[in-house]
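Asker: Sharing a structure below in structure tokens format, with a few things to ask.
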């Protein structure tokens with residue numbers, strides 16, 4: 001009888017991988033910030049400064065308090081927010097997921113919206129990605145994507 005990892009262990013493994021990825025991105029941003037500062041490039045300094053911000057538990061609690069005071073409902077995700085948003089979208093509770101990276105697509109969100117929070121000054125159009133059309137373009141099935149994500153070499 002073969003041993004299969006359960007959903008919880010896969011979920012925790014994905015959380016660990018995501019955390020490692022974020023730590024690496026922050027380290028890279030810190031290095032780039034140092035270079036931009038030395039070169040006096042104000043726009044890059046601003047960009048990399050934003051990438052080095054570490055959101056704390058206190059920040060999260062303050063945001064929840066503000067949302068509650070404004071009457072805005074919110075959900076506490078047990079782990080990866082993109083996974084939670086994708087699950088809500090697949091269940092038909094919301095239209096899709098808004099995110100600046102493509103992680104939500106790996107969790108099967110029907111629609112991904114990027115650049116939703118960009119200021120008008122940046123003049124970036126909101127981009128919509130359709131999961132089914134993306135799979136068709138890649139000539140893959142959802143099962144193939146899942147197998148590639150949960151293969152022993154990636155988890």
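Asker: Taking N as the number of residues in segment 32-154, what is its alpha-carbon radius of gyration divided by 2.2 N^0.38 Å? Numbers along the way, then the final one.
Answerer: Numbers: Rg = 17.9 Å, N = 123, 2.2 N^0.38 = 13.7 Å.
The value comes to 1.31.
Asker: A further question follows. Taking the Cβ of each residue in 112, 67, 135 as the centre, tally the other Cβ atoms inside 10 Å and list the residues starting with the fewest.
Answerer: Values: 112 26, 67 12, 135 16.
Lowest count first: 67, 135, 112.
Asker: If you don't mind, another one. If packing is taken as the average number of other Cβ atoms within 10 Å across a peptide's residues, how do 22-29, 90-97 rank, most packed first? Please report the intermediate quantities before stating the final value.
Answerer: Working: 22-29: 12.6, 90-97: 14.8.
Highest to lowest by the protection proxy: 90-97, 22-29.
Asker: On alpha carbon coordinates alone, what is the Rg over Rh value for segment 86-146, Rh being the Kirkwood radius?
Answerer: Working: Rg = 12.5 Å, Rh = 12.2 Å.
Result for segment 86-146 is an Rg/Rh of 1.02.
Asker: Quickly work out the residue 133-to-residue 146 label distance, labels modelled 7 Å from Cα along the C-beta direction, and quote it in nm with one decimal.
Answerer: About 2.5 nm, to one decimal.
Asker: Once you have the Cα-Cα distance between residue 44 and residue 28, take 0.36 nm times their residue separation minus that, and quote the gain in nm to one decimal.
Answerer: Full extension from residue 44 to residue 28 adds 4.4 nm.
None of the figures in this text is laboratory data; all of them are computed from the coordinates on show. All values reported here derive from a predicted model rather than from experimental measurement. Cβ: placed from backbone, ideal geometry, glycine included. Neighbour counts: every protein chain shown.
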